[in-house]
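Structure record follows, encoded as structure tokens.
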Amino acid sequence: MKTSLLHNNWVTCSRPKPQATLRLFCFHYAGGGAAIFRTWSDSLPSSVEVCASELPGRGMRLKEPPFMQLEPLVQHLASALFPYLDKPFAFFGHSMGGLVSFELARLLRREYGVSPVHLFVSGHRAPQVPDPDPPIHALPESEFLEELRRFNGTPEAVLKNAELMQLLLPTLRADFAVIETYAYTPELPLDCPITAFGGLQDREVSCHEPEAWREQTNASFLLQMFPGDHFFLHSAGSLLLRSLSQKLLDR
């Protein structure tokens, strides 16, 4: 390891594994943070070091202004992560994190000449598939909160806590702006395999939309669906981690 991951505020490693043969960088959904992946090391192979992203505006970086556009966010991420790409690495991203990990992989290929050994995208339509829903990031507060309730990713107790929501709303709005202002630009497909995960009851990403990720790779592609809504990452977490473990061992 060139530099300790403990000194990088962009990524946290709850269980450092200096002898690991692969680093799995994990990218959270809108409104989430590194804590989502805190226990993943317990369920993944001992040869895998889990490195969770922590974007500005949350967790230990709560006082930092969040990004509102994907391109500068990915540029900063690439610069911060590059020192830790000195051994084989893979990306996992859920929802917003799926889009972030995809564009990060393309930027690393374009500007740094490196590539993940596998890209795992979860809970997000293929980037070339337009989002059919109108943007929500600039809605009045009451309407924005209602949309968050519909996503089913924020506990009702949190949504009803006015003081807490005033703290969280700027980051949530910024995260949705990152997704909703994204404009896909065609490039050559990636050379790494892509595995797409989806939720069978996800009302945000219909079952056929993750299938189009196939167009984004010259290597193998697999689509796997799990029971659950947009946050099957949590409700079907053990099934997802089992599948992820197997694919990391089979690489």
- [ ] Sticking to Cα atoms, compute the Rg of the chain to one decimal and its Dmax as the biggest Cα-Cα distance, whole number, in Å.
- [x] 17.1, 50
Open item on the list: Which residue fluctuates most in the GNM of the chain (Cα springs below 10 Å): LEU24, LEU119, LEU164?
Closed with: LEU164
Open item on the list: Students often forget the sequence filter, so: which aspartates and glutamates lie under 15 Å Cα-Cα from LYS160 once same-chain residues fewer than 8 apart are removed?
Closed with: GLU141, GLU143, GLU146, GLU147
Open item on the list: Net charge within 11 Å of LEU22 by Cβ-Cβ distance, Lys/Arg positive one each and Asp/Glu negative one each, not counting LEU22 itself?
Closed with: +3
TODO: Would you mind telling me the antiparallel percentage of the DSSP bridges in the chain, rounded to 5?
DONE: 5 percent
TODO: Treat each spin label as a single point 7 Å out from the Cα along the C-beta direction, and report the VAL158 to GLU111 distance in nm.
DONE: 3.0 nm
TODO: Classify region 29-86 as rounded, prolate or oblate from the Cα gyration tensor: take a ≥ b ≥ c as the square roots of its eigenvalues, call it rounded if a/c is under 1.5, otherwise prolate when a/b beats b/c and oblate if not.
DONE: oblate
Open item on the list: Suppose only helical runs count, i.e. DSSP H with n ≥ 4. What mean residue ellipticity at 222 nm does that imply for the chain under -39500 (n - 2.57) per run, divided by all residues and rounded to the nearest 500 deg cm²/dmol?
Closed with: -9000 deg cm²/dmol
Task: Environment charge at TRP40 (Cβ cut-off 11 Å; Lys +1, Arg +1, Asp -1, Glu -1) - done: 0
TODO: Can you tell me the equivalent ellipsoid semi-axes for region 188-251? Use √(5λ) from the Cα gyration tensor, largest first, whole Å.
DONE: 21, 16, 7
TODO: Compute the FRET efficiency between GLU64 and GLN166 as 1/(1 + (r/R0)^6), taking r as their Cβ-Cβ distance and R0 = 22 Å, and round to the nearest 0.05.
DONE: 0.80
Task: region 125-148 versus region 149-199: alpha-carbon centroid distance in Å - done: 9 Å
Task: Potential lengthening between ASN8 and ASP133 on full extension [0.36 nm per residue; Cα-Cα distance subtracted] - done: 41.4 nm
Task: Globularity index of region 40-150, i.e. its alpha-carbon radius of gyration over 2.2 N^0.38 Å - done: 1.21
Task: HIS234 accessible area, assembled protein chains, probe 1.4 Å, Å² - done: 100 Å²
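The values are calculated or read from the model by the stated rules, or taken from the named source; none is laboratory data. Everything numeric in this text was worked out from a predicted model, so none of it was measured. Quick reminder, even Gly has a Cβ in these numbers, built from the backbone with ideal geometry, and neighbours come from all protein chains shown. These accessible areas exclude ligands, DNA and RNA; they are computed on the full protein's heavy atoms, side chains included. Shrake-Rupley method; radii C 1.70, N 1.55, O 1.52, S 1.80 Å.
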